[in-house]
Amino acid sequence: MNNVVKHVQLNRALLLGAGAVLITGCASLQGGSQPEPVAEIQPGYLQGYLSETELPNSLALLPSAPVKGSAAFQLDQSIAQEKLAVRGTPRWTLAAQDADLSFPNAAGTFSCAVGAPISQEQTPHLYQLLRRTLTDAGLATYSAKNHYNRARPFMMNNEPTCSPQDEAELRHDGSYPSGHTSIGWSWALVLVELAPERADEILARGLAFGESRNVCNVHWHSDVVQGRIVATATVARLHADADFQSDMAAAKAELASVKAQSLPPVRDCAAESAALAH
């Protein structure tokens, strides 16, 4: 499953856990505690923390999607055209990697920003926390996505994307707001709480993660901006959930432990920094 539709567009029956399959985590290299098994709602994707009725209503929360001829849409078009020049650069390559929300790939997204490894083996609580919040942040975008069913940039400019294997399905998945951005910004907000000493690096990476959707030619600028709003609402709601709070505490202790051991990130941080500096 390597496209945004299959990552986050889960139907109501799946959201409620129909046909759930329990999975277990691997043993930590530090021999610490393991998170409780959580049901899969779709192969590879875990049940989130929030029920359907608890998810933020993005349709009620966000302004209407920009329409052709508006100043907002003109800005969207201008930024989309500007990002076409990035094609073929290291920044394009990083954007393609950001497009892949599958685990374990996605777990490493913020590893350099945090300054520590994030993996199922070394940080199992944090790894599962990221997987569960992915579901919540992604699903929260769909009331607006399904209502506006906005066409994506590549459908209008006929230029390539960084994930051509996904294009057929993306054509039927609304662009506004960006689900990837909601997920990435939610992760950034969560990780800032877990590693506040790295707040600037984490937030910068979170912003870049959303901008990767512009680089990939699959989202408009306004899609990304409003995706961050959905993320903020989702994380705020998550803080009222007892299971989320408990998992945050476990992940914070776990991350502090691996940082104390000076374990290296799981990504090539020099290459990532060079790509982001483009």
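The values are calculated or read from the model by the stated rules, or taken from the named source; none is laboratory data. Keep in mind it's a predicted model, so treat the numbers as computed, not measured. Using ideal geometry, Cβ is built from the backbone for each residue, glycine included, and neighbour counts are taken over all protein chains shown. Only protein heavy atoms, including side chains, enter the accessible area calculation; ligands, DNA and RNA are left aside. Shrake-Rupley method; radii C 1.70, N 1.55, O 1.52, S 1.80 Å.
A few notes on this one:
- Region 49-65, subset open to solvent by 50 Å² or more (accessible area, probe 1.4 Å) and not acidic (D, E), residue farthest from M155 (Cα to Cα): T53
- Elements of type helices (runs of 4 or more DSSP H) contained in region 48-111, each with 1 or more residues being under 21 Å from the mean Cα position of the chain (by Cα) and more than 30 Å from Q245 (Cβ to Cβ): 71-83, 90-99
- Test: residue in region 44-65 that is over 30 Å from S273 (Cα atoms) and in contact with a Gly (Cβ under 7 Å, 6 or more places away or on another chain): yes
- Considering region 229-248, the residues that are open to solvent by 40 Å² or more (accessible area, probe 1.4 Å) and under 21 Å from the mean Cα position of the chain (by Cα) include one that is nearest to P153 (Cα to Cα), namely I229.
- K252 open to solvent by 40 Å² or more (accessible area, probe 1.4 Å), within 20 Å of G108 (Cβ to Cβ) and within 21 Å of the chain's Cα centre (by Cα): yes
- Boolean, S143 is at pLDDT 95 or above, open to solvent by 10 Å² or more (accessible area, probe 1.4 Å) and either outside any helix (DSSP H, G or I) or of a type in the set (S, T, Y) (or both): yes
- With respect to the conditions (1) within 18 Å of the chain's Cα centre (by Cα); (2) closer than 14 Å to F110 by Cβ, E211 falls short on a single one, namely (2).
- Every listed requirement among (1) open to solvent by 80 Å² or more (accessible area, probe 1.4 Å); (2) touching a residue at least 12 places away in the same chain (Cβ under 8 Å) is met by K68 save one, (2).
- Number of the exception - S78 against (1) out of contact with any Asp or Glu (no Cβ under 6 Å at 6 or more places or on another chain); (2) at pLDDT 95 or above; (3) surrounded by 14 or more Cβ atoms within 10 Å (Cβ to Cβ): (3)
- Summed over region 112-131, the residues that are in a helix (DSSP H, G or I), open to solvent by less than 10 Å² (accessible area, probe 1.4 Å) and in contact with a helix residue (DSSP H, G or I) (Cβ under 7 Å, 6 or more places away or on another chain) give a count of 5.
- H219 being part of a loop (DSSP other than H, G, I, E, B), open to solvent by 30 Å² or more (accessible area, probe 1.4 Å) and in contact (Cβ under 8 Å) with a residue 12 or more places away in the chain: no
- Residues of region 264-278 satisfying the condition of being within 11 Å of A208 (Cα to Cα) and in contact with a Pro (Cβ under 8 Å, 6 or more places away or on another chain): A275
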